[in-house]
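Down below is the structure, laid out as C-alpha cells.
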Amino acid sequence: MSSRFLNHRHLPLHLSRKRLSLPPSTSLIHSPPSNFHCATLKLHPLIIQQYSRCVRRNVVSTRAFDDDSFDMPLLDDWGADESSHAYALSSSDGEDSDGEVFLTPVNDVDLPSVSSSNNDALTVAAHRLAILGRGRKKHRIKLGIFITMGLIIFLTLLLLYVDWCAWRIVRLPLSAFYLTRPFLISAILVSFAGYVCVPIFRRFKIIHVIKQQGPVRHRLKKGTPTLGGLFFIPIGITVAHVIAGSSSIEVSGAAGVTVAFAAVGLLSDILGLTKNHRRGLPASAEVLLEVAVGTWFSFWLSITNISSPYGMKMLVPLPLGLVYLGRYYQLLTSFCFVSMGRGVKLADALDGLAGGTAALAFTGMSIAVLPICSDLAIFGASMAGSCVGFLLHNRYRASVFMGNMGSLALGGALAAMAACTGMFFPLFISSGIFIVELSSVIIQVLYWKITKGLRGAGWRFLRMPPFHYHLQLRGFREPNIVLGAYLISSVLALLGGYVGLVSA
C-alpha cells in the first residue's frame, strides 16, 4: 500500500501560532488493516517526541487552540513521563517564524468532525483555527494593553498625590511635580526610543535565546529581540542626573553602581549571543562580579560624605527605632546587591513581569527615601518611569526583552537606594515579588538535596522554579500571572513606602 508524505512547509500560513489537536483515533504510522489508509508525516527536526497510531481513512477531527493554550502536563512538565507524546512543527525555519503548530491527542472534540480527503483536511482545520483562535489571541493582547495602562495610571496618580502632600513629609519646600516630572519624562523618552531601537535590534539579529529547560510554550517567544536595557537604563540615569543635578553625591553613586551592574549583564548578554557561549556568563562568575561591585560600593559609602539626617553612618531605620550595624552594614549591602540582581533576573521571563514590578518597587522606594534624601527619590522616580516606558514594548506580547543588562541594572539601582539611606526593610517589602522568585529557587534546590539525602531520591517542592513557571504549569495564563504580580506588588510598594516614612 502506498504512503503519502506531508511536509510541514505545506501547511497554510494561517496555521502559524495555532495548535491543532487530533483525537486518539488519529494515526501517523501504523501497519493498517484493509479498511484503513495510513499517512506518514514528515516532521520538522524539532520534534518533541515521536507518536504513532492509525488514522481512519477520509475522516479527520480537529479542535482549535490558541498559541497560549498549553494546559497539558506532557508539554509543560519537564519531568513528564516518557510515554507522553506530542509533535511540534515549525511553519518556517527562519528567525522570523511566527509560531509553531502542535499536534497532540485529545479525547474531547469541541467542533463537529468533517469528512473530507486527507488533502483537504488541513485546509478545513486551518479555516477553523483562523476563525476561532484569532479571538483568544487578540483578547490576551488587549488584556496586556489594559494591564499596562492601568499600571501607568496608578503610578501617575500615586506620584501626584505624594507631590501634593510632599511638604508635610519633608518639611521643606519642594518644586512642583517633584517626583511626577522625572517619572513622565523618562517614560515618554523611553517609549519613543523603543520605536527606534527595537527595529535596529531585529535588523542586526540581536535575538533572545530561549532556554531548553523552561516551559515549552516559551519557545513560541523565539525570534524576539533582546538587550532592551541598552535604551531604557541610560535614559533613566540621565534624566535623574539632569533633574537632581550633577552635584548630588547620592545620585552619582547610585548611577555608577547601576552602570556597573549593567556592564556585568551586558557581558553576559554578549556571550549568550555568541554560538560558543549560548548560556552566557556562568552563574558563579556573575555572582562573583556582583559581590565585587556591592563590596566596592559599601566601601565607597564608608569614605564618602553623604547627606543624612542621622549623626553617624551605618544605621538602619526601623519603625521601632534605629539599629546600628557597624561593619555588618557592608555585608548587608553586598547581600542586597546580589539578591536584588538575581531576583529581577529571575522575574524577567514573562512579558512585563520584571519591568512592571520593578517600576512599583522604585516608586515605593522613592516614597520611603524622600524624607532622608530627596535627590535619591528623583532617581527612583526616573527609573520607575523608564521601566514604564519600556513596558510599552515589553508588555504581552513583548516586542523586546530587557536582557541581563536591564535586569541586573534594575536590581543594582534598587539596592543602591537602600544602601545610601539604610532603607533595607522598605526595600525587602517593596521588592517582595523578587524575593519570592529568588526564594523559590533556593527552596527548590534545598528541598531536592534534603529529600535526596534522606530518601535516596530527590523530590521537587515546585513543578519548576522560579515560582512563575510553577504557576504556568498549574494552568495560569501569562497575562493573569502578571496581573496578579502587579496587584500584589502595588500593595507591597504602598506598604514599603509607608514603612519608610514611619521609620524616617
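Computed 3J(HN,Hα) for segment 246-256, one whole-Hz value per residue from the Karplus formula 6.51 cos²θ - 1.76 cosθ + 1.60 where θ = phi - 60°, is 6, 7, 6, 5, 5, 5, 5, x, 5, 5, x, glycine and proline marked x. Ligands, DNA and RNA left out, the 1.4 Å accessible surface of segment 289-379 is 66% carbon and sulfur atoms. Residue ranges 402-413, 195-206, 327-338 sort as 402-413, 327-338, 195-206 when ordered by packing (mean number of other C-beta atoms within 10 Å per residue, highest first). For Ala368, neighbours were defined as the other residues whose beta-carbon sits under 15 Å from its Cβ, and their charges (Lys and Arg +1, Asp and Glu -1) total -2. In segment 303-445, taking the dipole from charged Cβ atoms about the Cα centre, the farthest positive-side position among Cys336, Gln444, Gly326 is held by Gly326. Across segment 269-418, the relative contact order, built from alpha-carbon pairs under 8 Å that are at least six residues apart, equals 24 percent. From most to least packed by mean Cβ count within 10 Å, the peptides 147-160, 221-234 give 221-234, 147-160.
Shown for segment 145-245: the carbon plus sulfur share of the solvent-accessible area, taken with all protein chains present and a 1.4 angstrom probe, equals 72%.
With all protein chains kept in place, the per residue accessible area of segment 386-484 amounts to 35 square angstrom at a probe of 1.4 angstrom. Placing pseudo-labels 7 Å out from each Cα toward the beta carbon at Arg460 and Trp167 gives an inter-label distance of 5.8 nm. Computed over neighbours whose Cβ is under 15 Å from that of Leu438, the net charge equals -2, Lys and Arg +1, Asp and Glu -1.
Remark on Leu318: its backbone amide H falls under 5 Å from those of Val323, a criterion applied only to residues 5 or more positions apart or on other chains, H modelled at 1.01 Å from N.
A 1.4 Å probe run over the protein chains yields, for segment 134-193, 61 Å² of accessible area per residue, whole-number rounding. A 1.4 Å probe run over segment 196-291, with the rest of the protein chains in place, finds 48 Å² accessible per residue. Remark: relative contact order (segment 415-472) = 26 percent; criterion is Cα-Cα distance under 8 angstrom and separation of 6 or more residues. Using the Karplus relation 6.51 cos²θ - 1.76 cosθ + 1.60 with θ = phi - 60°, the per-residue 3J(HN,Hα) values for segment 416-429 come to 5, 4, 6, 5, 6, 10, x, 7, 6, 5, x, 5, 5, 6 Hz, with x marking Gly and Pro. Could you state the number of Å between the C-alpha centres of segment 431-479 and segment 229-270? With segment 229-270 and segment 431-479 each reduced to a Cα centre, they are spaced 32 Å. Applying 0.36 nm per residue to the separation of Ile442 and Arg203 and subtracting their alpha-carbon distance, the gain on full extension is 82.2 nm. Take the Cα of His139, step 7 Å toward its Cβ, do the same at Tyr328, and the gap between the two points is 5.3 nm.
The values are calculated or read from the model by the stated rules, or taken from the named source; none is laboratory data. What you see is a predicted model; the values in this text were computed from it and never measured. Cβ atoms come from the backbone with ideal geometry, glycine included; neighbour counts cover every protein chain shown. Please note that ligands, DNA and RNA were not included when accessible areas were found on the heavy atoms of the full protein model with its side chains. Shrake-Rupley method; radii C 1.70, N 1.55, O 1.52, S 1.80 Å.
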